[in-house]
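Quick notes on the structure that follows.
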Amino acid sequence: MKSNQIKIGAILSYISFGIGVIASIIYTPIMIRLLGKSDYGLYNLASSIISYLGLLNLGFGAAYIKYFSLYKKDGDNKNLKCSDCNADITAAVDTFSTKRYGKSLCRDCQKKQ
């Protein structure tokens, strides 16, 4: 069953790629005729820059979802407090201050150290 799904997924991927190639072959002459060569070049350049900027995402959204769900699953929602002023702190601040100062400190108390 799983190998069938993989085969179907591969075939659909190739079909999608083929449709994209055919669409660009049809689309390019129409855009050149409508915009002109120089404006089409600018359009293509802008499209490329936007695509590269999309790569800067680096999967942060997926990583956020993964680690947030792991955090919720583990039930790691204990109340963390600063050992000096008893203020609430996050797990990240607790981990950092424990490694650097040897105790749980809020950011204000870290500045005083």
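The values are calculated or read from the model by the stated rules, or taken from the named source; none is laboratory data. All of these numbers come straight from a predicted model, not from anything done at the bench. So basically every Cβ, Gly included, is an ideal-geometry build from the backbone, and we count neighbours across all protein chains shown.
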Among residues of segment 77-113 being in a loop (DSSP other than H, G, I, E, B) and of a type in the set (A, V, I, L, M, F, W, C), the residue farthest from Tyr67 (Cα to Cα) is Cys85
From (1) surrounded by 12 or more Cβ atoms within 10 Å (Cβ to Cβ); (2) under 22 Å from the mean Cα position of the chain (by Cα), pick out the condition that doesn't hold for Ser48.
(1)
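Considering segment 44-63 alone, what residues qualify as being modelled with pLDDT under 90, not in a loop (DSSP other than H, G, I, E, B) and not polar (S, T, N, Q)?
Tyr52, Leu53, Gly54, Leu55, Phe60, Gly61, Ala62, Ala63
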